[in-house]
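Asker: Dropping a structure here in structure tokens format, bear with me for questions.
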Amino acid sequence: MTTSTTPPFLPFALPEIGEEEIAEVVDTLRSGWITTGPRARRFEQDFAAFLGDGSLQAVAVNSATAGLHLALEALGIGPGDEVITTTHTFTATAEVVRYLGADVRLVDIDPATLNIDPAAVEAAVGPRTKAIVPVHYGGLAAEMDGLLAIAARHGLKVVEDAAHALPSTHRGRLVGTLASDATVFSFYANKTITTGEGGMLVTRDAALAQRARVMRLHGMNRDAFDRFTAKVPSWYYEVVAPGFKYNLTDIAAAIGIHQLRRAPAFAQRRSAIAARYHESFASLPVVRAPLPPEGERHAWHLYPLRLDDDAAVSRDAFVDALFAQGIGCSVHYIPLHLHPYWRDRYALTAAQFPHSQQAYERLVSLPIYTRMSDADLERVVAAVQRALQPGHG
Ligand SMILES: *Cc1c(COP(=O)(O)O)cnc(C)c1O
């Protein structure tokens, strides 16, 4: 029998679901309307209001992947086209381009921000390029001014993968309200707000929003709730395209309505955790997570720490040492150019992406979520300090 007082394992991420979310889900279940209906509509309206721009439309979907697919479909991306994005992302960012039969052109990151490098984008633009998909890595807004200028110069569309970026700002404006064609947020279980699975496409382009609404539900020109609530016989609809099944359920939207209200408080806690990490790691052999420019908001979905080349331990040994101390962590990301599908499809080598590759070999994402207590936070700080001591692990 052990008499050890080892604290329980601290997971890398945990959602924070409160009693209001639970009560709203229960009300939804009892209401008789559980698929897309009044709560999904309210979530869309609340989301647009949260972004604070009356010209925006929000389209709720069952994942960010679905939202990215719908946005690019509505913009007419198809076979023969090329879409530029970062290698330093999750595969969803790029796979949606392949769904449409278009090609992905991966480019490297700026090593200071870990975001897509506008100069690399500019160099990659070719005759087939139709769109750029920047990712706000970890919740730090990408260099949107530069990217939007490149897009304007070459007549390209821009769809922001904002899976990490609620709420983040660029030049004082919330991501979602910038001058791109569409922005897509994720409500996956570990994102800054969650509906279990879910996403939101936002756009000022009324035609894009309309196309996305039709395509998220089988290409039907009226959804079930429309027809259910109509005052006239409502069995009739028309299929105008071979659409998808991407609608968000009211059960999920019920969670999202309350998560959204808590987003500012969640963001505050995440920022406080990031600030504590930043001060605690000042003298360690690491590159700390990049901070946002003065006055900007960072959503802090991730806290990516990079070990220095002369750190006493390798990244893998560091991860092992954290796990041995009961701390979960992860790596964001294994760059796309290292995954067999992307590597083989486009004959990619690590040498083409030196900054992403360099970062990847040294990266660790530390726990950063609202359910971490101050004691949990101090445990992570102490574990990081210990794991970096020579001979440890
Ligand atoms: C989570 C994530 C996605 C996909 O989000 P889903 O809602 O799970 O489809 C896309 N891009 C990035 C960068 C992500 O982290």
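Bear in mind these aren't lab numbers, they're just calculated from the coordinates by the rules spelled out. The model shown is predicted, which means the values in this text are computed figures rather than measured ones. Cβ atoms come from the backbone with ideal geometry, glycine included; neighbour counts cover every protein chain shown.
Asker: Quote the convex hull volume per residue of region 19-261, based on C-alpha atoms, as a whole number of Å³.
Answerer: Values: hull volume 28.7 nm³, N = 243.
Spelled out: Cα convex hull of region 19-261, divided by residues, is 118 Å³.
Asker: What angle, in degrees between 0 and 90 and rounded to the nearest 10, separates the Cα long axis of helix 144-154 from the longest principal axis of the Cα atoms of the chain?
Answerer: 50 degrees
Asker: Which order, highest average first, do 90-96, 329-335, 308-314 follow once you tally other Cβ atoms within 10 Å for each residue and take the mean per peptide? Kindly include the intermediate steps, with their values, before the conclusion.
Answerer: Values: 90-96: 21.4, 329-335: 19.3, 308-314: 13.3.
Descending mean neighbour count gives 90-96, 329-335, 308-314.
Asker: Still on this structure, I have one more. Quick one: if the Förster radius is 45 Å, what FRET efficiency do Val381 and Ile22 give, using the C-beta to C-beta distance and rounding to 0.05? Don't skip to the answer; put the middle values down first.
Answerer: Numbers: r = 32 Å, r/R0 = 0.72.
Approximately 0.90, to the nearest 0.05.
Asker: Please sort by residue number the trypsin sites (Lys or Arg not before Pro) in region 194-293 whose DSSP state is loop and whose Cβ has at most 10 other Cβ atoms within 10 Å. Each step should come with its number before you reach the end.
Answerer: Numbers: sites: Arg204, Arg211, Arg213, Arg216, Arg222, Arg227, Lys231, Lys245, Arg261, Arg262, Arg269, Arg270, Arg276, Arg288; in loops: Arg204, Arg216, Arg222, Lys231, Arg288.
Listed in order of number, the matching sites are Lys231.
Asker: Thr86's amide H: which non-local residues (gap 5+, or another chain) put their own amide H closer than 5 Å, with H modeled 1.01 Å from N in plane and none for Pro or chain starts?
Answerer: Under 5 Å from the amide H of Thr86: Val107, Val135.
Asker: Here is a further query. Within 15 Å, Cβ to Cβ, of Ala241, how many net charges do the neighbouring residues add up to if Lys/Arg are +1 and Asp/Glu are -1? If you can, show how the numbers build up before the last one.
Answerer: Values: positive: Arg211, Arg213, Arg216, Arg222, Lys245; negative: Glu73, Asp223, Glu238.
Cβ neighbours under 15 Å give a net charge of +2.
Asker: Under a crude label model (7 Å from the Cα following the beta-carbon direction), how far is Gln45 from Gln389 in nanometres?
Answerer: 5.9 nm
Asker: Right, something else. Would you order Ile22, Ile255, Ile327, Ile17 from fewest to most other beta-carbon atoms within 10 Å of each residue's own beta-carbon? Don't skip to the answer; put the middle values down first.
Answerer: On the way: Ile22 13, Ile255 27, Ile327 23, Ile17 16.
The most exposed by this proxy come first: Ile22, Ile17, Ile327, Ile255.
Asker: Shifting gears a bit: Please give me the summed charge of the neighbours of Ser186: other residues whose Cβ is under 10 Å from its Cβ, Lys and Arg +1, Asp and Glu -1.
Answerer: Working: positive: Lys191; negative: Asp161, Glu197.
Charge balance in the 10 Å sphere: -1.
Asker: Turning to a different aspect of this structure: I'd like the Karplus ³J(HN,Hα) series for region 10-20: coefficients 6.51, -1.76, 1.60, θ = phi - 60°, whole numbers in Hz, and an x wherever there's a Gly or Pro.
Answerer: 8, x, 5, 8, 8, x, 10, 10, x, 5, 5
Asker: Please say if region 243-385 is rounded, prolate or oblate, where rounded means a/c under 1.5 for a ≥ b ≥ c the square roots of the C-alpha gyration tensor eigenvalues, and otherwise the choice is prolate for a/b larger than b/c and oblate otherwise? Intermediate values should be presented prior to the final figure.
Answerer: Working: a/c = 1.87, a/b = 1.08, b/c = 1.72.
It comes out oblate by the Cα gyration axes.
Asker: Taking the Cβ of Asp205 as the centre, find all other residues whose Cβ is under 15 Å away and add up their charges (Lys, Arg: +1; Asp, Glu: -1). Before the final figure, lay out the partial values.
Answerer: Values: positive: Lys157, Arg204, Arg211, Arg213; negative: Asp53, Glu73, Glu160, Asp181.
Once positives and negatives cancel, what remains is 0.
Asker: Name the residue, out of Pro304, Pro11, Pro340, whose mean-square fluctuation peaks in a Gaussian network model built on the chain with Cα pairs under 10 Å.
Answerer: Pro340
Asker: Could you pull out every residue, at least 5 positions away or on a different chain, whose amide H is within less than 5 Å of the one on Ser168? Hs are placed 1.01 Å off N in the peptide plane, and Pro or chain starts have none.
Answerer: Under 5 Å from the amide H of Ser168: Val175.
Asker: Hey, another quick one. Using alpha carbons only, how many angstrom separate the centre of region 262-284 from the centre of region 36-56?
Answerer: Computed from Cα coordinates, the inter-centre distance equals 29 Å.
Asker: Could you please rank His258, His88, placing first whichever residue has the fewest other Cβ atoms within 10 Å of its Cβ?
Answerer: His258, His88
Asker: Another one. Rounded to the nearest 500, what is the chain's calculated 222 nm mean residue ellipticity when only DSSP H runs of at least 4 contribute -39500 (n - 2.57) each, over all residues?
Answerer: After summing the helix terms and dividing by residue count, I get -12000 deg cm²/dmol.
Asker: So which lysines pass the test for Lys130, namely a Cα distance under 21 Å, with those fewer than 8 places away in the same chain ruled out?
Answerer: Reachable lysines: Lys157.
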